Amino acid sequence: MSDQPSSSSSDSLTGRLNRDWRDDLAPEVYQELRVIAHAQLRSQRRNATLNTTALVNEAYLKLGTRQRHWKDRKHFYATMAKVMRQVVIDLARRHSAAKRDGGVRLSLEVLDRGELRWQELSEVIAIDAALEKLGELDPYLEQVLELRYFAGMSVADVAEVLQRSEPTIKRDFRAARAFLASELTSELASEAAGANGGEGAASEPPGRS
Amino acid sequence: MGPEQWSRVRELFDRLCDLSQAEQLAALERANDSAEVLGRVKEMLAAERSSAVKDSLAEQTPALMDHLTRVSARGRQVGPYTIGALIGRGGMGEIYAAERSDGAYRQRVAIKFVALQSPEQAARFERERQLLASLEHPNIARLLDGGMDPNGVPFLVMEYIDGQSIDRYCDERRLSVAGRIEQFLPVIAAVSAAHRQLIVHRDIKPQNVLVDDNGQPKLIDFGIGKALADNPAALNITRPDDRLLTPANAAPEQVGDGAIGTHTDSFQLGLLLGELVSGVPARELGSASMEQVVTLLLQPIRAPLNRLVDSPDAQAIAAARSCGLDALKRQLGGDLGSILAKACAIEPAARYRNVDELGDDLRRYLTHQPVQARKPSSWYLLSRFVRRHRVAVAASLAALLALAGALAYSVVQTREAERQRALALAEAQKQAEVRRFLVSVFRQADPNVSRGRDVTARSLLATAAAQVVDRVDDPLTSAATFQAIGGAYHGLGAQEEAERYLQRALALYREMGQSESDDFAATAFLLGDVYQAASSAESLELHRLALTTRLRLSPEPRAELAESLLATARAMRQTNNREAIVETYNQALEIIASYAGTDSADYARALGKLGSYYGSLGALETLYPIAVEAYRIGELSMEPDDPELAALALLLGTVASDTGRFEVAREKLQQAFDRFTVIYGDRHPRTLAALANRSVLFSHLGQTEEMLALATQYRDRLNEVFGPRSPKAAFGWSNLGSSYFSAGRFDEALEAFRQSIEILTNPENPGEDNAGRDYVFAGMALVELGEPDAALEAFETAQTRALGLVTSVLASRYAAEARLRRGELKAAQSLAEQALEGAAPLNQVLLTAGAELTLARVLLAQAELTAAARKLESARSRVADSPFHKAQDLLVAIDKTLSLARAGRAASD
C-alpha cells in the first residue's frame, strides 16, 4: 500500500504544509482544510459548518506556530485532529474554571442555559479524559476518534488517511465511541453517587481515575 | 486493564454489537473471559444505546462551538485588518489587537467582535454603530470602522490604546488624591461630550478607562451596551452565555426596572472615582448568589472613608496615595465624601443632574471652594424640577409619535388588484422604514437622556432625521419618511423644519403619481396645520386640498373627513365668513354623528371646537350651552384622565367664568388645572392656561389677593418655561398688569405693562406686534394715574398696531377720558361715542356700560345733564344685576356721576 493514495494533490499539499504558515501559499492549505471539514458536515446541524471552520482556524493557527514539518498526509491530519481536540478541551476547561470561581456572574435569566452549558462542558472534558484512557489501551482507536469526532472528517476520509477500509473505520469508530460512552456513564453514575453521599467524586476533576 | 485484555474486549464487542440484547447477554454468559473484560464489554454495549457520545463535536457541544466561532479570529483577515492577539474579553465579546495593512500605511487598531443574539440586534447594532462613529473626543477611543466578518459576526474597529487601566496607572505612580482627581477629570469631560450626543456609556469601570503613554485617560467601549441591549431602556446585568458583565459597577437602575440614562453614567463615574481615591471597590460581590447580588446592588453605596477604615490594607493604600492614613481619612471624609455620595446616590434624582456638575464640583473641591454637594436642599429641589419637567417632555413626544405613527399606518387604496398588491409591498417597505425612524426617535427620546439642559427634543429629531434621510432610496419610502419627520417637527413646534419636510413629501407624492392617496391627503393636512400654527394664510388652501383629496378617495363618513372639515373650518376663520365657518363645523358634526354617534368623544371634541369659535367671536351666551353639552358628552365618552376632557372642562370653566356662572367656573377651572397638572406637570402651556383663567375668575369675584397670587405665579411660570425675554413671558406680565389694574393698583399695573411692551418691542421678537394691547392698557393706567398726556401718547402708539375689538373700545373710551381731563370736550365726545358704537355689537355688558359712563361724563362736562342722566340710567340697568365684581366698581362710579348729574339738574331747575 502506498503511503500517499491520492498522489499529486497530497504531494503538493505536504509540500505546501512544510512552508511557513505565513507564506503566500498557506491560505491555500487552510482553504483545503476547510473544504474537507465542510464537506463532512453539510448534513449536520445548520451552523456546524461555521463551527468547524472556526475550529479549523484555531487549530491551524496553533499548528502554524509550532509544527511546520510533516512526514506525510497522515501525519498532518492526525496532528491537526489532535490540535483541534486540544483547542476544544482548553476552551471547555477555561470556561469550566470561569464558572467555578465566577458563580456570581450569571444572571437569573441565564441560569437555565448556564446549567445546560455546564453539562456540555463537563461532558466534553469527560470525553477527553476517557479518550486519553482509550489511547493508553489502543492509540490507533484514539486516532480514529480524533479524526472522526474532533476533526469532523467523514468515514471515507478517515479511511483514506489511515489507509484502512471504510467498514473497518466504521467498526473502529463504533467501538471507540462505545468505550467513551461506557466511561462517561460510569462517570455520571459516580458523580451522582458523590452528590447524594455529600462527599465524593463530585469535587474531583471529571474523568481522571 | 492491559492491551491484551483490551483486544479481547474489542473482539467480543465487534462480534456482539449487532446482536439483540438477549443474544448479547447469552453470548456473554457463554464466554469464559475475566470479569473485568466481560464487565467492560457489557458496559460498552449498554452505553452504546445511551448515545452519551454523539457523532460529532458539533452535536455534542453546540454552545461551545458557537462560542468558538465567535472567538476564533486570530490570524484571520477581516477586511483590511489582520487579527492579532486577544487583548480583552468582556462585555459583549472579545477584543483583539489588529493591524491595518493595506498598502502604504500600517495602523494598529483594536477589533471587537460582538456576539449577537438576534437579527433585530444586528440592525440595532448597525444603527448604533453609526451614531458612535460620530463620537470624537480626545479622551474617547475612537470608533474607526466596523462591519460584518464573513461569518456574519459584527465587529467594531477602535483606536488601539496602548496603556493600562486607570487604577493601576494611579497606583504605580503613587498619585495623591488630588492627582487622581485631576487624572479623572478628562474622563468626565469625555462622558459629558458623549451625553451631548445622546450616547450613554453604561459600563464605566477601571478596565474601560485606559491611560496611554502620554498620561491621557481614554474611555473605551462607548455605548456598546446600549447598542446591544434587547430592551434599550434596561440592560441586564449579565448577557447570556459567556459574555458576562461584572455587575459590581452596575447602577441600581440597571438591575431594577428604572430607566438607564446619563444619571447611570454619573453613578458609575462616582463609583470609579471612589475606588480610585479610597483604594477599595464599593462592592465586594464575592461568592454571593444572584439574589444576594441584586439586593446588594440596590443598597446605598458605603462611603469611601468607611471602606478605607475597614480595609486591612489601609496603611498601604494611603502610602500608594503618597500620604499618611490620617491625612487620607481627612480627605475622604470632607467635601470629597459629599461629592462622591451625591454622584452615587441610589435614587437617580438625587444625583448630579449631569456629569458636568460632578466635574465642576470636583474642580471646586480641588480649588477649595464650597461644593454644591454640600447643599442638599437646592439640588434636591432642582432635580425634582427636572423630573417633573421630564414627564411633560415625554408626554408631548409620545403624542407626536402617535400622530406620525397613525399616518404611517394608513393603507394605500387603489382599484386595480394588481396595482394594489405592488403598492402593498411598497407600503410594507415604507412602513418598515418609517417605523425604524420612529423607533430611533423614540429610543433617543429617552427622557432621562434628554434631561441634560442642552439636549432638546429638536436636536434629537435632527439626529434621527439625518440618520434616516440618507439611507432611503425609494421615493415613496422617502416621502413617507419626510412626512413622519415633518409631523414630528410640527409636534415640537419647529414649524420651519416641518414645512420643509412636508413640502418635500408632497412633491414626491406628486411626482410618483400618488396625489390621490391617503398619505398625500395626510401630508397636506399636516402642512395645513403647520401653516395654521405659523398663522399663515396658506393653511386654508392646504386643508382644502386635504379635504377634497379625502372626499375623492371616499365620501364615506369617517374620522379623516371630520378632521379635515374641522381643520378647514379653523383655517376659514381668517375669512370672517361666519355662516360658512359655522356651516363647516356643522358638517363635521354631522359626519361624526353618522360614524361615531352624538355621544362619542369625537363629537364632544368637535363641539368644543365649534364652541371655541363662538368664544373667539365673543358670543359667550351661544357658546355656554355648547360648552356644557361638549363637556357632558366628554365626561361620558372619555377616560377621566384624557387631556381632551380637561380641555373641555377648561372651555366650560372659562365661558362660565366670563358669563358670571362662578360656581360652575370655579369647579371646572379647578378640575382642568388639576388634571393638566397631573397629565403634563405644572409648567405645560395647557396647565398654565387653566392657571391664568383661574386668576381671571378671582378677578371677576373681586378676590384680589387670590387673583394677584395666581397672576404672579402665572408670570413666574411663563418666565421659567419660556424664558424671561420671550413673548410668552410678556403675556404673563400683561396678565399681571390687568390684575393690578382691576385691584386699583395702577402704578404696579403700569410697570407690568411696561415690562410686557419692552419684551414685545425687542428686535429679538420680530413679528410680535401684540404690543398694541399693552400700550392701550398702559394708557388706561396712565389715565387713572392722572397723566392724560402720556396716556394719549400711548393710545396713539397703540393705533399704529393691530388691536382687538375689545381693546379698540377700551382705547377709545380711555382716550375720551384723557381728552376730558385736558378739557378737549369735542374730541372726548366723539371718542366716547366711538367707544359706545364699538361696544354695542360685542354684547358685553361691562364694556357697554363703561362706554356709556364715559360718554355721560363728557356730556356732564358740557352740562348736557339730561342726556348724561339717560346714558347713566341705561348703564345702571345694564350692570345692576351683573354678578361681576367689576360691575360693583362701575356701579359706584355710575351712581356718583348720576348724583352729580341730578345735583346739576336740581341746581339748574
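Worth pointing out:
- Under 5 Å from the amide H of B:Leu198 lies no amide H of any residue 5 or more positions distant or on a separate chain, with H modelled from the backbone and absent for Pro and chain starts.
- For the range B:771-810, the equivalent ellipsoid built from the Cα gyration tensor has semi-axes of 17, 10, 7 Å, listed from largest to smallest.
- Computed extension length for B:Asn586-B:Ala319: 87.7 nm, one decimal, from 0.36 nm per residue of separation with the Cα-Cα distance subtracted.
- Computed accessible area, B:Ile87, all protein chains, 1.4 angstrom probe, square angstrom: 90
- Across A:Lys82, B:Lys896, the residue with the most accessible area heads the list, and the full order at a 1.4 Å probe is B:Lys896, A:Lys82.
- Heavy-atom accessible area for B:His137, with the other protein chains in place and a 1.4 Å probe, reaches approximately 40 Å².
- Test item: Cα-centred dipole of the range B:3-53, Lys/Arg +1 and Asp/Glu -1 on Cβ, debye: 60
- Inter-label distance, B:Ala46 to B:Arg822: 12.1 nm, where each label sits 7 Å from its Cα along the C-beta direction.
- Report note on the peptides B:550-559, B:259-268: ranked by the mean count of other C-beta atoms within 10 Å, highest first, their order is B:259-268, B:550-559.
- When peptides B:346-356, B:856-866, B:270-280 are ranked by their average number of other Cβ atoms within 10 Å per residue, the highest-first order is B:270-280, B:346-356, B:856-866.
- Net lengthening on full extension, B:Glu136/B:Ser616 (0.36 nm per residue, minus Cα-Cα): 167.5 nm
- Span from the the range B:169-201 Cα centroid across to the the range B:499-553 one, whole angstrom: 51
- As a rough guide to protection, the peptides B:684-695, B:3-14 ranked by mean Cβ packing within 10 Å, highest first, stand as B:684-695, B:3-14.
- Remark: accessible surface ordering of B:Val109, B:Val294 (largest first) is B:Val294, B:Val109, probe radius 1.4 Å.
- Unsatisfied cross-links (Cα-Cα over 23 Å) in the set B:Lys54/B:Lys112; B:Lys609/B:Lys886; B:Lys826/B:Lys871; A:Lys133/A:Lys170: B:Lys54/B:Lys112; B:Lys609/B:Lys886
- Using the Karplus relation 6.51 cos²θ - 1.76 cosθ + 1.60 with θ = phi - 60°, the per-residue 3J(HN,Hα) values for the range B:505-517 come to 4, 4, 4, 5, 4, 5, 4, 8, x, 10, 7, 10, 10 Hz, with x marking Gly and Pro.
- Using the Karplus relation 6.51 cos²θ - 1.76 cosθ + 1.60 with θ = phi - 60°, the per-residue 3J(HN,Hα) values for the range A:160-173 come to 5, 5, 8, 6, 10, 7, 4, x, 5, 4, 4, 5, 4, 5 Hz, with x marking Gly and Pro.
- At a probe radius of 1.4 angstrom, the accessible area of the range B:761-876 per residue rounds to 45 square angstrom.
- Rounded to the nearest 10 Å², the accessible area of B:Asp212 at probe 1.4 Å: 30
- Fully extended contour minus Cα-Cα distance, from B:Glu99 to B:Arg573, at 0.36 nm per residue: 163.8 nm
- Between A and B, accessible area buried - total, square angstrom, nearest 100, 1.4 angstrom probe: 5100
- Neighbouring Cβ atoms from other chains, within 10 Å of the Cβ of residues in B:36-49, number 4 on average.
- Diffusion of the range B:299-356 by Stokes-Einstein, at 10 °C in a medium of 1.306 mPa s and with Rh set to the Kirkwood radius over alpha-carbon pairs, works out to 128 µm²/s.
The values are calculated or read from the model by the stated rules, or taken from the named source; none is laboratory data. Quick caveat, the model's predicted, so the values are computed rather than measured. Heads up, the Cβs are rebuilt from the backbone with ideal geometry, glycines too, and the neighbour counts pull from every protein chain shown. Keep in mind that these areas ignore ligands, DNA and RNA; they rest on the heavy atoms of the full protein, side chains included. Shrake-Rupley method; radii C 1.70, N 1.55, O 1.52, S 1.80 Å.
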